[in-house]
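Reading through the structure tokens given below for one structure.
The values are calculated or read from the model by the stated rules, or taken from the named source; none is laboratory data. Nothing here was measured: the structure is a model prediction, and the numbers come from that model. With ideal geometry, Cβ positions are generated from the backbone for all residues, glycine too; neighbour counts draw on all protein chains shown. Surface areas here come from the heavy atoms of the whole protein model, side chains and all, with no ligands, DNA or RNA. Shrake-Rupley method; radii C 1.70, N 1.55, O 1.52, S 1.80 Å.
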Amino acid sequence: MTVVHYLNQFFAGLGGEEAADHEPVRLEGPQGPGKGLEAAGLHVDLTIACGDDRFALHENDCLATLLSWIDEVDADVVVCGPSFGSGRYGYACGVLARELGRRGTPVVAAMTSDSPGVLASEGAAYIVPTTANVAGMRDAVPVVASLASRLAVGAPVGTPDEEGYLPRGLRVNVRSDALGAERAVGLLLAKLGGEVRTEIEPPTDRVAPPEPLADAAGALVALVTEAGCVPQGNPDRLPTRHANVWLRYPIGDRAELAPEEYLSVHAGFDTTEANRDPDRLVPLDAARALVERGRIGRVHDEFFTTTGVDTPVAVATRMGQEIGAEIRNAGADAVILTGT
């Protein structure tokens with residue numbers, strides 16, 4: 001039985017955020033949480049790792065490298081994480097799991113139920129729910145080890161309720177001793193009583209609106225857009241569609257975004273009018289006017305941008321979490337988010 005374990009740069013011992021751009025690397029034997037898997041009875045033969053930022057910025061190249069290493073050792077099962085509540089790490093785990101699932105390789109991952117990795121995996125992985133931080137490591141690792149051990153040898157695995165993994169959106173036929181008519185009536189009565197649902201609920205993200213600003217006149221406001229607004233020439237090569245990255249650009253003391261300096265590279269709408277006046281994409285002129293009138297305190301000195309066209313929900317979720325974290329760290333009180 002050959003077991004491969006995927007980790008990010010932190011859990012692989014390569015470093016923290018300063019190593020987030022670390023290229024994919026392979027390490028023999030268990031590393032970090034892999035030692036916990038060993039203690040739970042799952043021997044790890046190979047650890048593969050990649051920096052969170054490197055995977056996000058070079059997804060296809062990193063995937064190709066990681067998958068080639070997994071193929072090389074002919075893995076019987078792959079374990080991803082636990083990534084807990086980390087958006088970038090969870091997304092990488094989910095994407096790797098999806099691609100392995102398409103190849104028929106069993107995968108077990110562990111993360112929070114709202115991680116972007118859950119959607120990214122597209123049901124390919126057995127995902128064990130965790131807490132948002134490493135405090136849940138002790139509870140998650142034995143469940144991961146148990147599932148991975150059985151999947152590696154083709155042993156049966158029970159239902160999500162029985163085994164403790166998240167539902168994968170799959171339905172499995174089982175044999176029943178009751179007649180079809182009896183089961184139909186029983187299911188109807190249970191449904192009318194609110195005890196069960198018979199439809200597969202689509203994955204949705206419900207975000208409760210925050211409380212209104214207590215003091216808008218003193219608020220620091222950040223500007224965010226999915227309209228693909230970038231400096232002329234698109235120097236950082238923001239994708240025009242299918243974007244999996246976001247960028248930030250300094251505003252400084254500018255009163256507005258001049259058309260000779262900025263443009264939209266968004267491939268989902270006619271950008272002619274927007275390029276004549278980039279403030280329609282990022283409303284810096286209007287925000288400055290609000291500051292002058294005392295309606296808001298000041299504007300954050302950077303704006304954040306990506307292209308929101310043909311973007312998978314999981315990718316958009318991950319980017320939103322990352323931008324949100326940057327905005328919170330900057331001390332912003334509110335965001336003006338513009339779209340197309």
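Values for this structure:
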| read-out | value |
| --- | --- |
| Residues satisfying the stated conditions in segment 250-266, i.e. open to solvent by less than 20 Å² (accessible area, probe 1.4 Å), closer than 22 Å to E326 by Cβ and not polar (S, T, N, Q) | I251, L257, Y262, H266 |
| Residues being over 19 Å from I323 (Cα atoms) and touching a residue at least 60 places away in the same chain (Cβ under 8 Å) - total across segment 216-239 | 3 |
| Spans of helices (runs of 4 or more DSSP H) in segment 258-340 with at least 3 residues under 20 Å from L238 (Cα atoms) and touching a residue at least 40 places away in the same chain (Cβ under 8 Å) | 313-329 |
| Pick from segment 102-114, criterion within 20 Å of Q321 (Cβ to Cβ) and open to solvent by less than 10 Å² (accessible area, probe 1.4 Å), ranking: nearest to the chain's Cα centre (by Cα) | M111 |
| Candidates E322, E292 - the one that is acidic (D, E), open to solvent by 20 Å² or more (accessible area, probe 1.4 Å) and in contact with a Gly (Cβ under 9 Å, 6 or more places away or on another chain) | E322 |
| Boolean, I48 is out of contact with any Asp or Glu (no Cβ under 6 Å at 6 or more places or on another chain) and without any contact (Cβ under 8 Å) to a residue 60 or more places away in the chain | yes |
